[in-house]
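Data first, discussion second: the structure below is written as C-alpha cells.
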Amino acid sequence: MNYDIIVIGAGITGLSSAYHLKKRNPDAKILVVDKAGTYSQGNTAKSAAAFRDFFSLRENQIMAQASIAFYKNLQDKQGIDIGMKFCGYLFLFDHEKDEKFVSKYPNSRIITEDLSSIFNVNIDSETRKIMNIDSIKTAILDSNAGIIEPDLLSKYFFDQITSMGVDVRFNTHVKRLGLEPDVSLDYPGEPFNWQKSSIKYIETDREKIYGDFFILCTDVWTTALLDPVGIDSHLRPKKRMIFQVTSPGIREIINKNIFNDSGVFPFTIFPTGVYARPYPSAGAFWTSLADDINRDFSFTEHPEPEPEFYSYNIKPIFDAYFPAFQNSKITSSWAGYYSYNTIDFMPYIFNALNMVIVSGTTGGGIMKGDSIGRIVAARYKNEAYTTLYNGEKIENTYDGYYRTTKIEDMIL
Ligand SMILES: Cc1cc2nc3c(=O)[nH]c(=O)nc-3n(C[C@H](O)[C@H](O)[C@H](O)COP(=O)(O)OP(=O)(O)OC[C@H]3O[C@@H](n4cnc5c(N)ncnc54)[C@H](O)[C@@H]3O)c2cc1C
C-alpha cells in the first residue's frame, strides 16, 4: 500500500500535524508511525506540561497564543478536559525591570503586591556574594499562562485522527529514509547528483512502507534519520531534568489563589532560571532549570536525572528564596531532552525534498503544538502563509518561515 502522507512520530507535534493534515486533506491516505507502544511517550511525556505566551519574539508569542486559544476552546467550549489551569507564570527578578520591558510581553504586568509573606524577598549579603543573586527587585505575572495535561491533549488529537480514518502503527521503528531517484537506471550508488530524487519509503524494523510525502516529527531523534541523507536537522539535544518535590509548606500553599482564581499556585521562575511548576494533585512542585554552559550536547536513549544537579543547582535557590521548601524531599524525578534550535530558539519547520521537518521546538512544543500542526499542513500544500487558530498569520518560506536575527530571551 502507498500512503499519500506518512507522519513519523506520534508525540504532540506528530499528532497535531496528522490532525491538521487530515482535516485539510480529507481524502488523503495518512499513516502515523511511532517506535513506542503508544502515542506521546517521547519528550511530550517528559515535559513540565506548562504553557505561556511570555516570549520575546513575536513568532513565538503568536504560535503560543494561538495554540493556547485553541486548547482553551477545547476545554471551555467543547467540554474536553485537558487539565488546563490558568494559574499564571510569575517571574521573579533580582534586578529592576521597567514598564517598557513588560510592554513587550502580552498579558503581563508588574506585580506591586507585597510578596514577602511567600518569598524571601531580601537576600543576605553572604548569599549575595557566594551565589551571585540578589534580593527580588521585580515580579512580573503573565496571566495567559498555566499548566496543562499533555496526555489528555494527546488523547484528544489521537481520538480525532483515528476517527477521521488516519492509520496508526505503533512499535514501528523507522531505521532509514528510502532516498531513491525518481527515474532509476538500476546503477549501484544511485541517486547520483544529477538525478532528481526523493524519499520513496521508510524502512522500518518490520517492513518498507511507501509514501508520496513524509512529515518528520521525531524531535531529538530527527538527526539520526536526516544525517544519512545529507540534510541538516538544525537541532541540538540538551538533557533536561525534572524533580518532583514536596514538603509541609508546599502542601499548604499549592492550592492557594495568587493573582487569579485557578486554585493553583503560579508557575514561578526564580533568579538564575530555576522554576517551580505546581503539581497540585500530589501536593508538590516539579522543579527544574534549563542550564546552558557546562551542560554538554551528548545524547542517550534513556537519560537519567542527576540528584546532585538538584542538590547543587536547584535546591540552593529555593533555600534562598522560597521558605515553603523547608524540609522538602524529592518524591520522583525523570529526564528528557530539549530539541534546541540554537540559532534563535524558535521552532524550525522546513521543507526538504518531499518532506516537512519539525525541528528545534526548544522546550515549547506542547504550548505551540496546535500552531505547529497548522504550519505543517500549510507547508504540505506549499502555501505562502499559515493562518493560525486565532487568525494570526505566519509566513512560510522554503527554509523555515521568515526568521528574525534576534534571539528568543525567554527560554526556561
Ligand atoms: C524536562 C522537559 C520540560 C519541558 N517542558 C515543557 C513545557 O512546560 N511546555 C512545553 O510546551 N514544552 C515543554 N517541553 C518540550 C516539549 O516536551 C517538546 O517540545 C515536545 O514534547 C516535542 O513534541 P514532539 O512530538 O516533537 O516530540 P516527542 O514527544 O519526543 O515525540 C517524538 C516521537 O517520535 C518517535 N520517534 C523518534 N524517532 C523515531 C523513529 N526513528 N521511528 C519511529 N518513531 C520515532 C518517538 O518515539 C516519539 O514518540 C519540555 C521538555 C522537557 C524534556
**Study point:** Residue check, Y310 touching a helix residue (DSSP H, G or I) at 6+ places or on another chain (Cβ under 7 Å), modelled with pLDDT of 95 or more and not charged (D, E, K, R)
**Key:** no
Of the residues in region 2-41, those that are in a loop (DSSP other than H, G, I, E, B) and in contact with a Cys (Cβ under 9 Å, 6 or more places away or on another chain) come to G9, A10, G11
Original post:
Taking the condition more than 12 Å from the ligand (Cβ to nearest atom), within 30 Å of P305 (Cα to Cα) and among the aliphatic types (A, V, I, L, M), does L92 pass?
Top reply: yes
Filtering region 155-178 for residues that are open to solvent by 20 Å² or more (accessible area, probe 1.4 Å) and touching a Pro at 6+ places or on another chain (Cβ under 9 Å) leaves a count of 3
Apart from one, (1) open to solvent by less than 10 Å² (accessible area, probe 1.4 Å); (2) not in a loop (DSSP other than H, G, I, E, B) all hold for I330; the odd one out is (1)
By residue number, the members of region 290-317 that are of a type in the set (F, W, Y), over 27 Å from H234 (Cβ atoms) and open to solvent by 40 Å² or more (accessible area, probe 1.4 Å) are Y312
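In region 333-347, which residue that is among the polar types (S, T, N, Q) and either open to solvent by less than 30 Å² (accessible area, probe 1.4 Å) or assigned to a strand (DSSP E or B) (or both) is modelled with the lowest pLDDT?
So the residue we want is N341.
Okay, residues lined up against (1) within 12 Å of the ligand (Cβ to nearest atom); (2) more than 17 Å from M84 (Cα to Cα); (3) open to solvent by less than 10 Å² (accessible area, probe 1.4 Å):
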{"position": "M241", "(1), (2), (3)": "yes, yes, yes"}
{"position": "V245", "(1), (2), (3)": "no, yes, yes"}
{"position": "G249", "(1), (2), (3)": "no, yes, no"}
{"position": "S262", "(1), (2), (3)": "no, no, no"}
{"position": "F265", "(1), (2), (3)": "no, no, yes"}
{"position": "F270", "(1), (2), (3)": "no, yes, yes"}
{"position": "V274", "(1), (2), (3)": "no, yes, yes"}
{"position": "S281", "(1), (2), (3)": "no, no, no"}
{"position": "S288", "(1), (2), (3)": "yes, yes, yes"}
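Determine whether region 170-191 contains at least one residue that is within 16 Å of the ligand (Cβ to nearest atom), part of a loop (DSSP other than H, G, I, E, B), in contact with a Ser or Thr (Cβ under 7 Å, 6 or more places away or on another chain) and of a type outside the set (F, W, Y).
Yes; the residues of region 170-191 include at least one that is within 16 Å of the ligand (Cβ to nearest atom), part of a loop (DSSP other than H, G, I, E, B), in contact with a Ser or Thr (Cβ under 7 Å, 6 or more places away or on another chain) and of a type outside the set (F, W, Y).
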In the set D182, D205, the lone residue that is loosely packed, with under 15 Cβ neighbours inside 10 Å, more than 30 Å from S47 (Cβ to Cβ), touching a strand residue (DSSP E or B) at 6+ places or on another chain (Cβ under 8 Å) and not aliphatic (A, V, I, L, M) is D182
When every residue in region 42-60 that is outside any loop (DSSP other than H, G, I, E, B) and at pLDDT below 95 is compared, the one farthest from the ligand (Cβ to nearest atom) is R58
Item checked: Test result for E149, of a type in the set (D, E) and touching a residue at least 12 places away in the same chain (Cβ under 8 Å) -> yes
Going by the structure shown, is D219 in contact (Cβ under 8 Å) with a residue 60 or more places away in the chain and either away from the ligand (no atom under 16 Å from the Cβ) or under 30 Å from the mean Cα position of the chain (by Cα) (or both)? yes
When every residue in region 384-405 that is modelled with pLDDT under 75 and over 19 Å from I357 (Cβ atoms) is compared, the one farthest from the ligand (Cβ to nearest atom) is T405
Margin query: Being within 15 Å of the ligand (Cβ to nearest atom), modelled with pLDDT of 95 or more, surrounded by fewer than 16 Cβ atoms within 10 Å (Cβ to Cβ) and closer than 18 Å to D151 by Cβ is the requirement here; does T13 meet it?
Written below: no
Notebook entry, point to check: Would you say F350 is buried (at least 18 other Cβ atoms within 10 Å of the Cβ), under 18 Å from the mean Cα position of the chain (by Cα) and either in a strand (DSSP E or B) or within 15 Å of the ligand (Cβ to nearest atom) (or both)?
Noted result: yes
Practice prompt. For I215, indicate whether it is in contact with a helix residue (DSSP H, G or I) (Cβ under 7 Å, 6 or more places away or on another chain) and either surrounded by 15 or more Cβ atoms within 10 Å (Cβ to Cβ) or on the phi < 0 side of the Ramachandran plot (or both).
Written response: yes
A69 passes all but one of the listed conditions (1) touching a Lys or Arg at 6+ places or on another chain (Cβ under 6 Å); (2) outside any loop (DSSP other than H, G, I, E, B); (3) not hydroxyl-bearing (S, T, Y); the exception is number (1)
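The values are calculated or read from the model by the stated rules, or taken from the named source; none is laboratory data. Just so you know, these numbers come straight off a predicted model, no measurement behind them. Don't worry about glycine lacking a Cβ; one is built from the backbone with ideal geometry, like all the others, and counts go over all protein chains shown. The accessibility values were calculated without ligands, DNA or RNA, using every heavy atom of the protein model including side chains. Shrake-Rupley method; radii C 1.70, N 1.55, O 1.52, S 1.80 Å.
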